[in-house]
Every structure is written in C-alpha cells, then in structure tokens.
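Quick note: the coordinates plus some simple rules give every number you see, no bench work behind them. These numbers come from a predicted model, not from an experiment. Here the Cβ positions follow ideal geometry from the backbone for every residue, glycine too, while neighbour counts run over all protein chains shown.
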Amino acid sequence: MKLFQKLLAAGMALTMLLAMTACGGSKGTLVMATNATFPPYEFIEDGKIVGIDAEMAAAIAEKLNMTLEIEDVEFGSIVGGVASGKYDIGVAGMTVDPDRLESVNFSESYATGVQVVIVKEDSAIQSLDDLEGKKIGVQQDTTGDIYSTDDFGEENIVRYNKGADAVQALVSDKIDCVIIDNEPAKSFVQNNAGLKILDSEYAVEDYAIAIAKDNDELLKKVNDALAELKAEGKLQEIIDKYIPAE
Ligand code: GLN
C-alpha cells in the first residue's frame with residue numbers, strides 16, 4: 001500500500017470506530033415486546049410506556065449492559081414473536097401456561113397474578129357459581145380468555161382487544177362481567193364508577209418473562225439478573241412504586 005492509501009485506511013477505520021462509539025455500537029439491544037394496556041404492569045403515560053414490567057426490564061437490561069427497546073404489540077402476537085426471534089423477551093404480565101411453554105421458555109416468576117371477576121355493583125352475579133350462561137368479557141388471547149372459554153363455552157365469551165374495552169362493554173351492559181387479572185381489574189374499577197370485583201378468585205397464576213426456546217444463554221442471564229434484583233430489594237421497590245400497600 002502506498003502511504004496515502006494507508007492514511008486513508010487508517011482514517012476510515014477511525015471514523016468507523018467513532019461512529020460506533022457515538023451510537024453505542026458496543027452495547028447490544030434487548031428488544032422487549034409488550035402490550036401497554038395493562039396497568040400497573042404496562043401502560044402509557046405522557047406518551048411513554050411505563051409500569052412494573054417496563055422498569056423491571058430496564059433494570060435487567062442495565063445488568064446485561066444492554067439498551068432496552070420496547071415494542072408495543074397485540075398481546076396475542078407476543079409469544080409467536082419471541083419464539084421466532086423477532087423480539088428477545090416478552091414481558092407483559094404474562095402467565096406461565098402449558099400451551100405457551102410449547103413455543104417459548106419462561107424465566108423464573110417475578111409476580112403472582114389472580115384472575116378475578118368484575119361485575120356491576122348491583123349485579124346478580126355474586127360468586128363463580130353464578131357465571132354459568134352469563135356473557136363474559138375477556139381480553140383476547142389472555143389466560144382469562146383461554147380458561148373461561150374452556151369452563152363456560154365459546155358461545156358465552158366476548159373477546160376484546162383491550163381489557164379496558166371489555167370494561168366499557170360491561171359499563172354499557174353489553175356483557176355481564178369481565179374476567180381479567182387482579183391488578184388491571186383494580187385500576188379499571190377505580191376509574192369507572194359502579195363496578196366491583198368479586199371476592200372469589202378464578203385462577204392464581206405466575207407471571208414470568210418469555211424467551212425463545214433456543215436462547216438458553218439469554219434465559220440464564222435474565223434469571224441471574226432477576227435473582228439479583230430480588231436479592232437487592234430492587235424488584236420489590238419497583239412493585240411498591242406501582243402497587244402501593246393497601
Ligand atoms: N396474565 C394474563 C395472560 O398472561 C394477561 C396478560 C395481559 O393481558 N397482558 O394471559
């Protein structure tokens with residue numbers, strides 16, 4: 001190589017290095033799929049996705065020295081997208097469920113979810129025994145949808161894209177109740193007058209992070225990070241921020 005060629009090559013290498021540093025080229029991106037209609041786990045506030053899952057995932061990404069990127073997608077497309085490698089992790093108040101375990105792995109659990117029943121305050125429905133033959137609203141593809149379809153029959157289930165839409169349908173008497181996870185249920189009942197949550201719990205479940213089956217390395221890293229966040233009290237701190245003690 002002639003001297004000016006060497007200088008040119010060196011200059012180009014330096015430019016590339018600078019460009020990589022400037023855009024954080026050495027730091028990998030952790031792509032998280034969620035469905036931000038599920039307070040307090042994920043919801044939109046001032047145009048930003050916030051909530052327990054978003055903060056927990058950010059803390060995990062930090063431990064992995066990665067940059068977190070959150071994609072807001074339909075709940076029903078998260079498992080498939082994680083399985084195909086489109087997203088690295090699915091964090092969406094997602095229940096560990098045998099069907100999903102056929103497509104993805106789950107991390108250790110980070111929270112407990114309870115499927116509850118929301119009714120109008122003056123409803124004739126007083127317990128789970130009264131649900132037979134009633135019109136039940138659910139969020140499409142959630143465990144509330146899957147279990148209640150099994151228990152009460154396809155013809156009695158009305159599916160909505162968002163839990164909040166199911167709750168609006170209940171408010172306007174299009175359906176008799178909504179089956180959904182307890183924390184979003186509390187938030188929806190707080191924000192809509194005349195609703196209540198039945199005392200009886202429909203199902204108790206574990207929330208965990210979905211990761212592709214062939215990505216054991218990431219699964220281990222995420223589990224290690226989760227264990228650290230638990231030991232440090234950081235996970236509890238995030239949860240307490242969004243779910244104040246009653
Ligand atoms: N925990 C429920 C499920 O996994 C609901 C999750 C959600 O709506 N984000 O199906």
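Here the chain is assigned +1 on the Cβ of each Lys and Arg and -1 on the Cβ of each Asp and Glu. Its dipole about the Cα centre then comes out at about 1580 debye. Computed on the range 113-246, the Cα convex hull volume stands at 127 Å³ per residue. Here's the picture: charge each Lys and Arg Cβ at +1 and each Asp and Glu Cβ at -1 in the chain, and of 222, 104, 200 the one pushed furthest to the positive end of that dipole is 222. Taking a Cβ cut-off of under 10 Å around residue 176, the surrounding Lys, Arg, Asp and Glu residues balance to a net charge of +2, with basic ones at +1 and acidic ones at -1. By the helix-only formula, in which each DSSP H run with n ≥ 4 contributes -39500 (n - 2.57) and the sum is divided by residues, the chain has a 222 nm mean residue ellipticity of -11500 deg cm²/dmol. For the range 62-85, backbone nitrogen atoms closer than 17 Å to the point 7 Å from residue 99 Cα along Cα-to-C-beta are found at 74-83. Largest mean-square fluctuation among 28, 47, 80, in a Gaussian network model of the chain whose springs join Cα atoms under 10 Å apart, belongs to 47.
Per residue, the convex hull spanned by the alpha carbons of the chain comes to 157 Å³.
GNM on the chain, alpha-carbon springs under 10 angstrom: the most fluctuating residue among 120, 27, 135 is 27. For the options 83, 227, 208, a Gaussian network treatment of the chain with springs between C-alpha atoms closer than 10 Å singles out 227 as fluctuating the most. Towards the positive end of the charge dipole of the chain, with charges on Cβ (+1 Lys, Arg; -1 Asp, Glu), say which of 144, 64, 185 has the farthest Cα. Of the options given, the answer is 64. Each Lys or Arg adds one and each Asp or Glu subtracts one; over the other residues with Cβ under 11 Å from the Cβ of residue 135, this totals -1.
Which FRET efficiency value, to the nearest 0.05, do you get for residue 62 and residue 121 by plugging their Cβ-Cβ distance into 1/(1 + (r/R0)^6) with R0 = 30 Å? After rounding to 0.05, the efficiency reads 0.10. Residues 129, 214, 224, 46, ranked from the fewest to the most other C-beta atoms within 10 Å, line up as 46, 129, 214, 224.
Relative to the Cα centre, the charge distribution of the range 159-246, modelled as +1 at Lys and Arg Cβ and -1 at Asp and Glu Cβ, gives a dipole magnitude of about 320 debye.
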